[in-house]
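Asker: What follows is a structure written as C-alpha coordinates; I'll ask about it next.
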Amino acid sequence: MGRKTTLDVQALRAGKLRPYELQGAFDDETHRARETFMGEKLPPQVYDTGASWSGVRLQHVGTCEAVAYNSDKWGGRQKRLFEAFKHVVEAPQDLYAVRGSIGGPTCGPIWVPSKEGVIMPDRIAEMAPLEFIQSRLFVSTDEDNEGVLGEGDEGCVELEPAGCLLYVGYLRTSKSDTSGEPILIVLSAKKGVQFVIRGEELDVTKDGIVG
(Lines give C-alpha, C1' and ligand atoms only; values in the text may rest on other atoms or scores of the structure.)
Protein backbone atom coordinates (compact mmCIF):
# COMPACT_ATOMS: atom_id res chain seq x y z
CA MET A 1 0.00 0.00 0.00
CA GLY A 2 2.83 2.34 0.97
CA ARG A 3 0.90 5.56 1.70
CA LYS A 4 2.54 7.64 4.46
CA THR A 5 0.55 9.78 6.89
CA THR A 6 0.78 11.22 10.40
CA LEU A 7 -1.56 9.78 13.05
CA ASP A 8 -2.43 10.69 16.63
CA VAL A 9 -2.05 7.23 18.12
CA GLN A 10 -2.53 8.51 21.66
CA ALA A 11 -6.08 9.52 20.77
CA LEU A 12 -6.81 5.94 19.69
CA ARG A 13 -5.51 4.30 22.85
CA ALA A 14 -8.10 2.87 25.17
CA GLY A 15 -7.75 4.82 28.38
CA LYS A 16 -9.44 2.14 30.45
CA LEU A 17 -6.64 -0.36 29.80
CA ARG A 18 -4.12 -0.38 32.61
CA PRO A 19 -0.38 -0.35 31.79
CA TYR A 20 1.54 -2.87 33.84
CA GLU A 21 5.13 -3.33 34.99
CA LEU A 22 7.15 -6.28 33.69
CA GLN A 23 7.73 -8.79 36.46
CA GLY A 24 9.11 -11.94 34.86
CA ALA A 25 9.19 -14.28 31.89
CA PHE A 26 5.46 -14.94 31.95
CA ASP A 27 4.61 -11.23 32.03
CA ASP A 28 7.22 -10.58 29.38
CA GLU A 29 5.84 -12.72 26.52
CA THR A 30 3.34 -10.16 25.26
CA HIS A 31 5.88 -7.37 25.51
CA ARG A 32 8.36 -9.45 23.53
CA ALA A 33 5.77 -9.77 20.76
CA ARG A 34 5.57 -5.98 20.55
CA GLU A 35 9.37 -5.62 20.52
CA THR A 36 9.62 -8.28 17.82
CA PHE A 37 6.98 -6.54 15.71
CA MET A 38 8.55 -3.09 16.08
CA GLY A 39 12.10 -4.44 15.75
CA GLU A 40 13.54 -2.48 18.68
CA LYS A 41 13.58 -2.19 22.45
CA LEU A 42 10.54 -0.23 23.57
CA PRO A 43 8.73 0.86 26.71
CA PRO A 44 6.17 -1.83 27.56
CA GLN A 45 3.17 -0.48 25.65
CA VAL A 46 1.34 -3.48 27.00
CA TYR A 47 -1.91 -3.36 28.89
CA ASP A 48 -3.58 -5.37 31.60
CA THR A 49 -7.08 -6.07 30.30
CA GLY A 50 -8.30 -6.97 33.77
CA ALA A 51 -11.94 -8.03 33.55
CA SER A 52 -12.46 -6.47 30.13
CA TRP A 53 -13.53 -9.82 28.64
CA SER A 54 -16.42 -10.26 31.04
CA GLY A 55 -19.61 -9.49 29.17
CA VAL A 56 -17.90 -9.64 25.75
CA ARG A 57 -19.80 -12.06 23.48
CA LEU A 58 -17.88 -13.01 20.37
CA GLN A 59 -19.64 -14.51 17.37
CA HIS A 60 -17.76 -16.48 14.72
CA VAL A 61 -18.95 -14.45 11.73
CA GLY A 62 -16.70 -15.66 8.91
CA THR A 63 -13.12 -15.69 7.72
CA CYS A 64 -10.43 -13.03 7.73
CA GLU A 65 -8.89 -12.62 4.28
CA ALA A 66 -6.63 -9.60 4.87
CA VAL A 67 -5.70 -7.02 7.51
CA ALA A 68 -4.43 -3.55 6.68
CA TYR A 69 -2.76 -1.37 9.28
CA ASN A 70 -0.64 1.76 9.61
CA SER A 71 2.80 1.37 11.12
CA ASP A 72 5.85 3.55 11.72
CA LYS A 73 8.12 0.53 12.27
CA TRP A 74 9.73 0.66 8.82
CA GLY A 75 11.84 3.80 9.01
CA GLY A 76 9.21 6.29 10.02
CA ARG A 77 9.54 6.39 13.80
CA GLN A 78 11.82 9.44 13.92
CA LYS A 79 9.39 11.51 11.87
CA ARG A 80 6.32 9.74 13.25
CA LEU A 81 5.26 8.82 9.74
CA PHE A 82 2.87 5.91 9.48
CA GLU A 83 2.87 3.76 6.37
CA ALA A 84 -0.09 1.62 5.33
CA PHE A 85 0.55 -2.11 4.96
CA LYS A 86 -1.77 -4.95 4.02
CA HIS A 87 -1.31 -8.56 5.08
CA VAL A 88 -3.15 -11.06 2.91
CA VAL A 89 -3.68 -14.28 4.83
CA GLU A 90 -1.48 -17.24 3.91
CA ALA A 91 -3.50 -19.81 5.86
CA PRO A 92 -7.12 -19.96 7.09
CA GLN A 93 -8.08 -17.38 9.71
CA ASP A 94 -11.35 -16.95 11.57
CA LEU A 95 -13.03 -13.64 12.33
CA TYR A 96 -15.01 -13.10 15.53
CA ALA A 97 -17.10 -10.01 16.17
CA VAL A 98 -19.08 -8.41 18.97
CA ARG A 99 -22.68 -7.47 18.32
CA GLY A 100 -22.99 -4.21 16.39
CA SER A 101 -19.40 -4.08 15.16
CA ILE A 102 -20.39 -5.00 11.61
CA GLY A 103 -23.54 -2.91 11.44
CA GLY A 104 -25.92 -5.52 10.09
CA PRO A 105 -27.24 -9.03 10.71
CA THR A 106 -24.60 -11.76 11.02
CA CYS A 107 -24.61 -15.54 10.93
CA GLY A 108 -22.53 -18.02 12.86
CA PRO A 109 -22.17 -19.56 16.31
CA ILE A 110 -21.21 -17.79 19.52
CA TRP A 111 -17.61 -18.59 20.41
CA VAL A 112 -17.12 -19.87 23.97
CA PRO A 113 -13.34 -20.11 24.62
CA SER A 114 -13.82 -22.16 27.79
CA LYS A 115 -15.40 -24.96 25.73
CA GLU A 116 -12.05 -25.22 23.91
CA GLY A 117 -10.14 -25.18 27.19
CA VAL A 118 -8.58 -21.75 26.61
CA ILE A 119 -8.81 -18.41 28.40
CA MET A 120 -8.69 -14.97 26.83
CA PRO A 121 -5.56 -12.80 27.19
CA ASP A 122 -5.14 -10.89 30.42
CA ARG A 123 -2.51 -8.74 28.72
CA ILE A 124 -2.41 -7.36 25.19
CA ALA A 125 0.29 -5.44 23.32
CA GLU A 126 -0.31 -2.50 21.04
CA MET A 127 0.76 -3.03 17.43
CA ALA A 128 -0.64 -0.42 15.06
CA PRO A 129 -3.68 1.66 14.06
CA LEU A 130 -6.09 -0.47 12.05
CA GLU A 131 -6.95 0.50 8.48
CA PHE A 132 -9.43 -2.23 7.54
CA ILE A 133 -10.24 -5.95 7.61
CA GLN A 134 -11.29 -7.83 4.49
CA SER A 135 -13.57 -10.72 5.34
CA ARG A 136 -15.88 -13.34 3.90
CA LEU A 137 -18.89 -13.36 6.19
CA PHE A 138 -21.10 -16.37 6.69
CA VAL A 139 -24.36 -16.00 4.75
CA SER A 140 -26.30 -18.64 6.67
CA THR A 141 -25.96 -21.38 9.25
CA ASP A 142 -26.39 -25.11 8.87
CA GLU A 143 -28.40 -27.52 11.02
CA ASP A 144 -25.56 -27.60 13.57
CA ASN A 145 -25.52 -23.77 13.74
CA GLU A 146 -22.15 -23.65 12.01
CA GLY A 147 -21.53 -20.78 9.62
CA VAL A 148 -21.89 -21.32 5.87
CA LEU A 149 -19.87 -19.30 3.35
CA GLY A 150 -21.49 -18.01 0.19
CA GLU A 151 -20.59 -18.59 -3.44
CA GLY A 152 -18.17 -16.32 -5.29
CA ASP A 153 -18.12 -12.81 -3.80
CA GLU A 154 -21.21 -13.35 -1.67
CA GLY A 155 -20.49 -12.19 1.87
CA CYS A 156 -17.21 -10.46 0.94
CA VAL A 157 -16.88 -7.18 2.85
CA GLU A 158 -14.29 -4.61 3.85
CA LEU A 159 -14.72 -3.61 7.49
CA GLU A 160 -13.43 -0.19 8.52
CA PRO A 161 -14.19 0.32 12.22
CA ALA A 162 -13.42 3.91 13.16
CA GLY A 163 -10.78 4.78 15.73
CA CYS A 164 -9.42 1.29 16.37
CA LEU A 165 -6.00 -0.07 17.24
CA LEU A 166 -4.68 -3.54 16.49
CA TYR A 167 -3.34 -5.51 19.47
CA VAL A 168 -1.80 -8.93 19.94
CA GLY A 169 -2.54 -11.24 22.85
CA TYR A 170 -2.26 -14.94 23.68
CA LEU A 171 -4.89 -17.58 24.32
CA ARG A 172 -3.73 -19.82 27.17
CA THR A 173 -4.84 -23.06 28.71
CA SER A 174 -4.32 -21.73 32.25
CA LYS A 175 -3.04 -18.68 34.12
CA SER A 176 0.28 -20.45 34.65
CA ASP A 177 0.69 -21.31 30.97
CA THR A 178 3.90 -19.61 29.78
CA SER A 179 3.22 -19.96 26.07
CA GLY A 180 0.05 -19.45 24.15
CA GLU A 181 -1.66 -19.07 20.80
CA PRO A 182 -1.33 -15.56 19.34
CA ILE A 183 -4.52 -13.77 18.34
CA LEU A 184 -5.16 -10.29 16.97
CA ILE A 185 -7.59 -8.04 18.80
CA VAL A 186 -9.23 -4.94 17.31
CA LEU A 187 -10.11 -2.54 20.09
CA SER A 188 -11.80 0.86 20.13
CA ALA A 189 -11.08 3.38 22.88
CA LYS A 190 -14.79 4.24 22.91
CA LYS A 191 -16.46 0.89 22.26
CA GLY A 192 -13.98 -1.69 23.57
CA VAL A 193 -13.34 -5.01 21.84
CA GLN A 194 -14.70 -5.08 18.28
CA PHE A 195 -13.06 -8.06 16.57
CA VAL A 196 -10.76 -10.99 17.26
CA ILE A 197 -8.77 -12.76 14.52
CA ARG A 198 -7.49 -16.29 15.04
CA GLY A 199 -5.59 -18.76 12.86
CA GLU A 200 -3.43 -21.84 13.41
CA GLU A 201 -0.47 -20.25 11.59
CA LEU A 202 -1.11 -16.67 12.68
CA ASP A 203 1.88 -15.01 14.31
CA VAL A 204 3.64 -11.68 14.80
CA THR A 205 7.26 -11.43 13.65
CA LYS A 206 9.81 -8.78 12.76
CA ASP A 207 8.33 -8.82 9.26
CA GLY A 208 4.88 -7.99 10.60
CA ILE A 209 1.81 -10.20 10.70
CA VAL A 210 2.32 -13.63 9.15
CA GLY A 211 0.22 -16.71 8.60
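The values are calculated or read from the model by the stated rules, or taken from the named source; none is laboratory data. In this text the structure is predicted, and so the values were computed from the model without any measurement. With ideal geometry, Cβ positions are generated from the backbone for all residues, glycine too; neighbour counts draw on all protein chains shown.
Asker: Considering each of 135, 114 in turn, give the residue that is crowded, with 22+ Cβ neighbours inside 10 Å, outside any loop (DSSP other than H, G, I, E, B) and among the hydroxyl-bearing types (Ser, Thr, Tyr).
Answerer: Working: 114 fails: crowded, with 22+ Cβ neighbours inside 10 Å.
Checking each option against the conditions leaves just 135.
Asker: If you don't mind, there's one more thing I want to ask. Here are 158, 151: which of them is acidic (Asp, Glu) and part of a strand (DSSP E or B)? Reasoning before the result, please.
Answerer: Values: 151 fails: part of a strand (DSSP E or B).
Only one candidate passes the filter, namely 158.
Asker: Here are some residues: 153, 203, 177. Which one is without any contact (Cβ under 8 Å) to a residue 60 or more places away in the chain and either under 12 Å from the mean Cα position of the chain (by Cα) or surrounded by 22 or more Cβ atoms within 10 Å (Cβ to Cβ) (or both)?
Answerer: On the way: 153 fails: either under 12 Å from the mean Cα position of the chain (by Cα) or surrounded by 22 or more Cβ atoms within 10 Å (Cβ to Cβ) (or both); 177 fails: either under 12 Å from the mean Cα position of the chain (by Cα) or surrounded by 22 or more Cβ atoms within 10 Å (Cβ to Cβ) (or both).
Just a single option satisfies the conditions, and that option is 203.
Asker: Now for a different question. For the list (1) of a type outside the set (Gly, Ala, Ser); (2) assigned to a loop (DSSP other than H, G, I, E, B); (3) modelled with pLDDT under 85, I need the number of the one condition that residue 37 fails.
Answerer: (2)
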